[in-house]
Amino acid sequence: MKGNLTNSSEMSSSTTLKPPLPSPTALNDDLAFVSGSTVERQAYARHYKNQNVQDYDIMVVHGFISSPTALIQTSIPGFKQILFEPIQKLGSLSCLTGTLNSTGQLCLNGLQMKMYHKVKNETPFVVDSAGIVTTTDKTDLTAIVTHTSTTDSTAASVAVTVTREPLPFENDLTQILPNWLHHQQPLSVPTHVLKERFYKFSRGYMDAISHYTLPLLINEHVREMATEWNTNEQRFYDLLNIIGPVYGYRLPQKIKQQLQLIFDFYDKHKHLAHSSKIKETIDYVNYCLPKEIDLVPAIQIKGFWPDDVQPFLERFRKNCPHLYNELISKTSMHLIAKWSKKTSAIDQELEFRYSFSALERLLADKRTQNEQILNGIARSIYYRYLTKTSGSNLIPSYFVKTTVLWMCETMSDLINNIVGDNAESIARQLGFEWIKFATKQLREGICLHYFIENLNILKYYRPELLVEACDILEYKVKLDEIVRLEFMEIHQQMVKVISKNTEQFVRQMKLTDLIQAINDYYEMSHVWWSSASDDNNNSNNDIPVQSCLTILNTLACADSNQSDWKIFRQLIFRNEQMEEENEQDLPVWGENVSIWGPKDFVENLIAAPFLLKSTHEILNSDTFTGRCPEYNPFDIKSFQNVAQDIMNPDHLKHVIISTFGPLFTNSLFGIDQNRMEQVLKSFFQRSLTQDQGIGPQLNLQVENVHSRSNQSLLSGDTTNNDSNRLNFEHDSYEPQQLQRRTQQCCSRCFTAHFMNLLQQAPSKDMTIGDYIDHEQKLIEEQHKQAELDDDLMAHVLQESLNDQQDAEQLLLLNFEEHNNQQLPSNDVTVEEPRVYNGLLISDSEPFLNDTEQTSNDDNQKQKVTSNEIYVDEEQNKEVELDNNDLSTTMSSLKLSLVDQQVESWDTQTQESTNSQQQVFLNNLTVTEQCLIDEQNIQAELDNDERLARALQLSFDDEHNNNEAQQTAQYDEDHLLALVLQSMDD
């Protein structure tokens, strides 16, 4: 029987517990925190299940117990009931409800703790028979957010599914401005009361911002970014000052001037706005954001360790003494509401299970590099091979965590001594070790719980599922197989659609309109910063092209028919003029304003319609108090702790890259079409052994090349100057840091070069698309001309080589005819030549002895050598003359090339003939004459080869000059497309 009351004297524990091991009080475990794979930095393993983001598991601590007598043992190891009275509540958002158990003891109702998180919304809700609660809360500036929560007694958490529908920005302006402008808005309170309420509301609003909102948004991980984005109190002061004239307060003079400049600029150039780009980007980001959050209500076990875990502590002290003291001093256990299904259903709402999330998180933080690789590849294998897209998985994910914990404790030496040529080799060996360890557990059907003795986590799984999982691990796992990740291909296709629409919009933009808008922005910026000191003037870091289009696109997002901002302006400034005549009060938050540029001002202004609508509803409410809602300091610290976990870049790194990477590396106008897949290569495809431990990384070497090339173009410098290069080798993955580095390097030259390109257009009435097509046509014509020149030069060289061969043939024929003239007549018998010492001799020559033959050989060598020297000198002179001729222009070379060749060959032929006559006059033998002829021919061939090389060098020089001219033209066209892409970014 259940009830709601019991006498405290009747409450006692049903079991007698031994004194626990003394340990210090746990630190910070009473605050809410994020658990699971998110904080273990290895959520990237879900990529192999084609999931971009992991679910967030948030432990929400409602209270704590400090005595083992508060626990009631059940028949299932690790499951307890908690007596209600000893529980200490934490914070004002906790829900602790007592219910009598089957033995009449008042125990904590765990199901009610979970139901509290389902219905904790100010909007109405409905609970159906399945225990599903649906709430809608329009608090997101970019989407209508719908939360659907489910839970029951068997669930350990409240599963919150988040759906986002794009929020029409323009609705906030359209719904309220026309009525206010024409005095048709229904007011439930007089105007003077409304003014007083606005003053109270603004004070309470800023109290909430200062005490709750900013402390949640700003922490050590995002402090630098918050400073850069002016995320401070003054930003919110400015918003309240902007809507102040609606309730009778004057605008600060600086904001008044800034609003006039911005609205004048927008009214003149709003036809250049591309508002759909921002909306499409918001839709894409909403698609990539996490869809599910698991809220886990918990009770902390503080100051003692239950008897159930004493065997674990003793074992851990023995096996891991270096971690033991830190574990017991910095962590603690928790109890989470979950029914085991193995006990009486009458107590299902009262049953709790041990949670070791805090211990597991510390052990994950202390893992060595090899242990992190082991955990990463084990999770990757699980999500690749052992999970199903729908329905239950073959084995629980907790099996992977448990096996890794056991291996890190019992096989530490083996794991940490594995070495390899690279990280992939180590991951492959560790993957085999985990498969071997896991298959042994699955085959036996026993995997002992790491923290609780004698508890088999596989006990209630069907044997056939365990056998199937074992077979998969043994025979089907391919560690080196490249896996194509489909979720990234979906991201790529979505971004390509955004880029295509952007290209179409930019192509139809007229050059004269864009030039005028940029020039007007220059003038506005000059007036904007005219009263600012040098220390506060940030115009040097401004990129006018980018800022100009950002202002137009941002304002257009909230402008339904391109007239809403005009109405807003009339409303603000009309009230301003009316109140000036009636001695209007000072600005509600004084004259101080934020010091920022036009673009940042507009990005803050976009929130003014939403704030105006919300303020109007609150001020006309019958329940208006004007006081800031109060929260328990513990609740605020818990929120801050969770926010710090979620915003930790190490925890979000892979989500940020896979979401925003495609946006930052997409191609526009055909530039760097493969850049996305090159920079994000490991996110599009990788094997199970790649990038384990740290997860996939950006391919920054490729990005560094792109950045250096683009920076050289933008600076007008095509030389290899390291000082002009962007270096991303050690940059963070955060997009803001990459953007800031780019702006610092390019802001001084970007717009000047872009405007120069626009001024070079054949006609200012052209559209950007026509200009791009015109430049592309010029490039194609230059390529065709370059190909024609190459073909002509190749033809000339080929003709030259053919003429050279003809001249050689002619020389050989002349030589043969001359030899034939020296031979005896046909009626003379020609005797067979004789050979002596390898030389041919005739019978008419006297047989010389060795001494005489040696003397003649020496004389002949001298003659041959003198001939070679003579020929070489002539060749050198000819090459020098040829080189001097080749230093002239290529056109004259093409016209006189053949004549020079023929003249050179005639000279060579004459010299060869003279040389032959000189040899014959010296009464040389036929063999010696052949040797001399071979030397002459070889010299002529060498001379021809030198001439051909000189021609080729000259051709290469002209070809390089042509390529340089083509490259310069291509760089200008490439720059035009590049800056158009940067305009869009």
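The values are calculated or read from the model by the stated rules, or taken from the named source; none is laboratory data. Computed from a predicted model, the values in this text were never measured in an experiment. Cβ atoms come from the backbone with ideal geometry, glycine included; neighbour counts cover every protein chain shown. What goes into the accessible areas is simple: the full protein's heavy atoms, side chains included, and nothing from ligands, DNA or RNA. Shrake-Rupley method; radii C 1.70, N 1.55, O 1.52, S 1.80 Å.
Number of residues in region 269-306 that are under 29 Å from Gln508 (Cα atoms) and of a type in the set (Phe, Trp, Tyr): the value is 1. In summary, Cys470 fulfils each of the numbered conditions (1) in the same structural domain as Arg315 (by the TED database); (2) open to solvent by 70 Å² or more (accessible area, probe 1.4 Å) with the single exception of condition (2).
Of the residues making up region 425-450, those that are open to solvent by less than 10 Å² (accessible area, probe 1.4 Å) and within 24 Å of Ala43 (Cβ to Cβ) are Ala427, Leu430, Gly431, Trp434, Ala438, Cys447, Tyr450.
The set of residues in region 750-773 that are surrounded by 15 or more Cβ atoms within 10 Å (Cβ to Cβ) and among the polar types (S, T, N, Q) comprises Thr751, Thr767. Within region 587-629, the set of residues being within 32 Å of the chain's Cα centre (by Cα) and among the aliphatic types (A, V, I, L, M) comprises Ile595, Val602, Leu605, Ile606, Ala607, Ala608.
None of Gln546, Gln508, Gln504, Gln516 is at pLDDT below 95, open to solvent by 10 Å² or more (accessible area, probe 1.4 Å) and either under 30 Å from Gln692 (Cβ atoms) or in contact with a strand residue (DSSP E or B) (Cβ under 7 Å, 6 or more places away or on another chain) (or both) except Gln508. Residues in region 44-72 that are crowded, with 22+ Cβ neighbours inside 10 Å, part of a helix (DSSP H, G or I) and in contact with an Asp or Glu (Cβ under 9 Å, 6 or more places away or on another chain): Tyr44, Ala70. Remark: pairs (first residue in region 92-118, open to solvent by less than 10 Å² (accessible area, probe 1.4 Å); second residue acidic (Asp, Glu); Cβ separation under 7 Å; 6+ apart in sequence or on different chains) = Asn101/Asp347; Asn109/Glu349; Gly110/Glu349; Gly110/Glu351.
A Cβ distance below 6 Å, combined with a sequence gap of six or more or placement on separate chains, defines the contacts here; from region 758-770, residues that are under 8 Å from Gln508 (Cα atoms) and modelled with pLDDT of 85 or more reach residues that are open to solvent by less than 80 Å² (accessible area, probe 1.4 Å) and in a loop (DSSP other than H, G, I, E, B) in the pairs Ile768/Met509. Here region 473-492 is the region considered, the condition is being of a type in the set (Val, Ile, Thr) and assigned to a loop (DSSP other than H, G, I, E, B), and the residue that is surrounded by the fewest Cβ atoms within 10 Å (Cβ to Cβ) is Ile482. Scanning region 612-643 for residues that are in contact (Cβ under 8 Å) with a residue 60 or more places away in the chain, of a type outside the set (A, V, I, L, M, F, W, C) and not in a loop (DSSP other than H, G, I, E, B) returns Lys613, Thr615, His616, Asp635, Lys637, Ser638, Gln640, Asn641. When Asn422, Asn456, Asn417 are checked against the criterion of being open to solvent by 20 Å² or more (accessible area, probe 1.4 Å) and touching a His at 6+ places or on another chain (Cβ under 8 Å), Asn456 stands alone in meeting it. Scoring Ile346 on the criteria (1) assigned to a helix (DSSP H, G or I); (2) surrounded by 18 or more Cβ atoms within 10 Å (Cβ to Cβ); (3) among the hydrophobic types (A, V, I, L, M, F, W, C) leaves a single failure, condition (2). Does at least one position in region 306-321 carry a residue that is surrounded by fewer than 19 Cβ atoms within 10 Å (Cβ to Cβ) and aliphatic (A, V, I, L, M)? There is at least one residue in region 306-321 that is surrounded by fewer than 19 Cβ atoms within 10 Å (Cβ to Cβ) and aliphatic (A, V, I, L, M).
Scan region 349-388 for residues that are of a type in the set (Phe, Trp, Tyr) and either without any contact (Cβ under 8 Å) to a residue 24 or more places away in the chain or open to solvent by 20 Å² or more (accessible area, probe 1.4 Å) (or both) and the total you get is 2.
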